[in-house]
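Presented below is the structure to which this report refers.
Throughout, read-outs are computed from the coordinates displayed, never taken from laboratory work. This structure is a prediction, so every number in the text was calculated from the model and none was measured. No Cβ is skipped: glycine too gets one built from the backbone with ideal geometry, and neighbour counts run over all protein chains shown.
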Amino acid sequence: MRICILGGDGYLGWPTAMHFSARGHEVVAVDSMVKRYWEAVVDVAPLEPTPLLQGRAAHWYKKTGKVVEVVIGDIATDPGLLHRLFRDYQPDVIVHYAEQPSAPYSMMNQNAAIHTQQNNIIGNLNVMFAMHDYCPQAHLIKLGTMGEYGTPNIDIEEGWIEIEHKGRKDRMLYPKKAHSLYHLSKVADSNNLEFGCRIWNLAVTDLNQGVVYGIDTLEMGKDPELRTSFHYDDIFGTVLNRFVVQAAVGSPLTVYGNGGQTRGYLNIQDTLQCVELAALHPAKAGEFRVFNQFTEQFSIMDLAKKVQKVSLLYDLDVTISHLPNPREEMEQHYYHAIHTGLPELGLQPHHLTDEVIAHMLDRAICAKETVRSVGLLPRVTWKHGMDDKGITGVVRE
Ligand code: USQ
């Protein structure tokens with residue numbers, strides 16, 4: 001297949017590029033590098049140095065003889081880039097990760113919120129229009145999020161729900177109670193894409209992904225030149241990745257509130273498997289297909305206790321600290337999300353075992369001299385944005 005990966009420099013984008021390339025597909029990776037700019041704005045960096053996309057693609061070629069083409073450009077501000085790319089390259093599959101991925105970033109201040117929604121929603125519209133004009137037969141695999149649904153007091157279905165109201169029935173998009181202005185940008189994307197499927201016959205798979213953890217994938221192995229960007233900070237680090245690094249440096253695990261918040265989680269290797277399964281079994285023309293993409297569900301306290309237990313093997317004395325919750329979210333709630341679509345296509349989950357945590361902890365301990373204290377504690381609250389000691393400056397005018 002000819003596969004175009006938008007957001008190819010990111011935590012998931014680069015591993016996805018290697019994954020498809022290793023399996024003999026033609027891959028082009030597109031990125032504006034703006035995430036690296038956002039990292040600078042909030043004064044954070046990945047745990048280990050992450051070479052630029054071009055450098056990683058060059059190293060991948062040297063090592064495997066396989067080409068990942070690189071295109072540098074911004075799909076949100078330069079729609080012409082997508083027109084040229086889709087016209088000339090004629091992708092079979094477009095994997096769209098090219099969005100601002102952080103909830104706390106979107107809640108930092110007004111500029112960051114607006115920038116998040118502009119970047120994500122306009123970029124996604126640009127993809128839709130470029131597909132319509134230049135490659136209407138392509139299959140779009142769009143990264144959505146489980147956070148679009150929030151934590152409703154009823155079962156979460158896979159994107160759609162049958163509703164009976166006053167004696168009549170219809171199949172509707174599942175109602176959304178998103179966790180943040182970032183998650184709401186993805187709700188808008190889902191609505192726009194469903195409309196694109198209805199009016200233009202586009203074929204779209206929306207992957208409502210849970211919280212991803214993990215530091216490496218098969219293709220990157222131990223090669224530092226092929227690494228992905230692993231974050232542990234308050235803005236771009238997801239919770240388990242944060243806990244592992246906090247444990248490695250002897251900092252208390254930052255459980256927000258009582259830690260009863262429950263979410264779906266998956267290993268980064270399963271993200272790659274899910275995207276590949278979606279690509280190999282495409283949505284039909286006119287179909288807006290939604291998969292809930294996670295393998296296990298845990299509360300925050302479950303995760304903290306798992307990390308604490310594994311840390312004992314390393315003689316690390318890890319404490320759990322209950323911080324006042326900086327977010328507005330339920331800490332005790334019902335959570336039951338259906339996620340049968342991807343297993344039905346053949347997903348073989350990598351579960352969160354002690355060995356998986358130990359492997360992450362090993363890596364974090366090796367890199368612990370580089371860990372910075374900035375962002376170990378949360379700096380953004382949902383009510384007041386970035387605190388006074390944090391970054392209050394203007395974000396990308
Ligand atoms: N949390 C803590 N302590 C921390 C960090 C987070 O208790 O130090 C809690 C949060 O309050 C929240 C949960 O952990 O209840 C998850 O937070 P997170 O920062 O790991 O994940 P989230 O903000 O939900 O966003 C991440 C990704 C995002 C993706 C989403 C999937 O950054 O791109 O969309 O996971 S989901 O959560 O299913 O919406």
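Could you tell me what percent of the DSSP beta bridges with both partners in the chain are antiparallel, to the nearest 5? List each step's numbers first, then the result.
Details: 12 of 51 bridges.
Here the antiparallel bridges make up roughly 25 percent for the chain.
Any chance you could list the semi-axes, whole Å, largest first, of the equivalent ellipsoid that the Cα gyration tensor gives for the chain, using √(5λ)? Let's see the in-between values first.
Numbers: eigenvalues 188, 132, 88 Å².
Whole-Å semi-axes of the equivalent ellipsoid: 31, 26, 21.
Per-residue HN-Hα couplings for the stretch 272-289, Karplus 6.51 cos²θ - 1.76 cosθ + 1.60 at θ = phi - 60°, whole Hz, x for Gly and Pro?
After applying 6.51 cos²θ - 1.76 cosθ + 1.60, I find 5, 4, 5, 5, 5, 4, 5, 5, 6, 10, x, 5, 7, 4, x, 9, 9, 9 Hz.
Taking every DSSP beta bridge with both residues inside the stretch 202-332, roughly what % is antiparallel (nearest 5)? Mind dumping the intermediate values first?
On the way: 4 of 17 bridges.
Of all bridge pairs located within the stretch 202-332, approximately 25 percent are antiparallel.
Scanning the chain for trypsin sites (Lys or Arg not before Pro) in DSSP loops with at most 15 other Cβ atoms within 10 Å, what's the longest stretch left with none? Mind showing how you got there, number by number?
Working: sites that count: 23, 166, 177, 222, 284, 372, 383, 389, 396.
With a cap of 15 other Cβ atoms within 10 Å, the longest stretch comes to 24-165.
How are the Cα pair distances of the stretch 6-68 distributed, in percent, across 5 Å bins from 0?
Binned Cα distances yield the sequence 4, 18, 28, 24, 14, 8, 4, 1.
Can you work out the Karplus-derived ³J(HN,Hα) for every residue in the stretch 75-91? Use 6.51 cos²θ - 1.76 cosθ + 1.60 with θ = phi - 60°, whole Hz, and x for glycine or proline.
Per residue, the Karplus-derived 3J(HN,Hα) values read 6, 7, 9, 10, x, x, 4, 6, 4, 5, 5, 5, 5, 7, 8, 6, x Hz.
Which of the lysines could a cross-linker bridge to residue 222, judged by Cα under 19 Å and excluding same-chain residues fewer than eight apart?
Leaving aside lysines fewer than 8 places away in the same chain, those within reach of residue 222 are 62, 63, 66, 368.
Please list 3J(HN,Hα) in residue order for the stretch 142-147, calculated via the Karplus relation 6.51 cos²θ - 1.76 cosθ + 1.60 where θ = phi - 60°; whole Hz, with x for glycine and proline.
Once rounded to whole Hz, the list reads 10, 7, x, 8, 4, x.
What is the distance in Å between the Cα centroid of the stretch 193-242 and that of the stretch 271-305?
10
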